[in-house]
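Following: one structure in structure tokens, then a few remarks.
The values are calculated or read from the model by the stated rules, or taken from the named source; none is laboratory data. Since the model is a prediction, treat every value here as computed from it, not as a measurement. Cβ: placed from backbone, ideal geometry, glycine included. Neighbour counts: every protein chain shown. Ligands, DNA and RNA are stripped out before the accessible areas are found, and what is left, the full protein with its side chains, is counted by its heavy atoms. Shrake-Rupley method; radii C 1.70, N 1.55, O 1.52, S 1.80 Å.
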Amino acid sequence: MKKILLGTVALLALVAPASAADLAARPYTKAPPPTVPFYDWSGFYIGINGGGGSARKCWDLINLGGAVVAPAVSMGCHDATGGTAGGQIGYRWQTAGWVFGVEAQGNWADFKGANANSVFAGIQDESKIDAFGLFTGQVGYAWNNVLLYVKGGAAVVSDKYRAFDIPTGLTINTASETRWGGAVGAGLEFGFAPNWSVGVEYDHLFMDHRDVDFRFTGIFGLVAGAFAGTARIGQDVDIGLVRVNYRWGGPLVAKY
């Protein structure tokens, strides 16, 4: 009996390794590729902005009290500078790395400057931009959550002018206008959180030349509202802004 038990144990010892070798190897399953968050710039957005600007203004006298002045006589130039704040709303759509968009922007402004009139002694010419708007299209390229873009379209500014007596500070005549022109710009924007982005932008406004009629205020015996003359005023505007936007839509999608 003892010999039979020993023989059985020996046989099991020989068969067990062979049986284990006959078992199929466990199949290898490849791990899925990791997903990488991909920032999508598509969607509607709204935001605020703030910064500063400078408008170059040059005045030429072309009419004095109804008498045409030809050729025009330069009355001097100045830079109207100051701060601005406002908001923007727009829509962007992204295809591959390219981003396209449209935007409307409106800003309060306080760009003010003056120069001594080179024709009339003792007179100071002053100009002020108190608001402007931009209606532009955009083309940009995104590196994930970093967007570089250029923009272009129409611009409108609200201008106010006055000529005042330097010794007394009294306003002699005034004028105002709403002027349309063109705009180009460029910006760099960074998506720092889901749906939020911050950026910097530079814009140049081409506002060309316009003939602006001035009216007397009534001081020094001059008839209030009477025609004083016409100045041909040219201007270009440069603006630098910091912008913060909030966008509707899913900012992140899986990219393999």
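A few notes on this one:
- In the range 206-216, the count of residues that are touching an Asp or Glu at 6+ places or on another chain (Cβ under 9 Å), closer than 30 Å to Ile48 by Cβ and open to solvent by less than 80 Å² (accessible area, probe 1.4 Å) is one or more.
- Per the listing Gly221, Gly199, the residue uniquely open to solvent by 30 Å² or more (accessible area, probe 1.4 Å) and either at pLDDT below 95 or in contact with an Asp or Glu (Cβ under 6 Å, 6 or more places away or on another chain) (or both) is Gly221.
- On the stretch given as the range 137-160, residues that are open to solvent by 10 Å² or more (accessible area, probe 1.4 Å) and either among the hydroxyl-bearing types (Ser, Thr, Tyr) or modelled with pLDDT under 95 (or both) total 2.
- Taken as a whole, the range 91-109 holds no residue that is within 30 Å of Gly169 (Cα to Cα), in contact (Cβ under 8 Å) with a residue 60 or more places away in the chain and in contact with an Asp or Glu (Cβ under 9 Å, 6 or more places away or on another chain).
- Apart from one condition, Gly83 fits all of (1) part of a strand (DSSP E or B); (2) surrounded by 14 or more Cβ atoms within 10 Å (Cβ to Cβ); the exception is (2).
- All positions within the range 186-196 that are within 16 Å of Arg92 (Cα to Cα) and open to solvent by less than 50 Å² (accessible area, probe 1.4 Å): Ala186, Gly187, Glu189, Gly191, Asn195
- Yes/no for Ala96 being surrounded by fewer than 19 Cβ atoms within 10 Å (Cβ to Cβ) and within 30 Å of the chain's Cα centre (by Cα): yes
- Residue match in the range 169-192 (condition: of a type in the set (D, E, K, R), touching a residue at least 60 places away in the same chain (Cβ under 8 Å) and in a strand (DSSP E or B)): no
- Qualifying residue in the range 66-74 (condition: part of a strand (DSSP E or B), open to solvent by less than 20 Å² (accessible area, probe 1.4 Å) and out of contact with any helix residue (DSSP H, G or I) (no Cβ under 9 Å at 6 or more places or on another chain)): no
- Exclusive hit being more than 21 Å from the chain's Cα centre (by Cα), open to solvent by 40 Å² or more (accessible area, probe 1.4 Å) and among the aromatic types (Phe, Trp, Tyr), set Phe164, Phe120: Phe120
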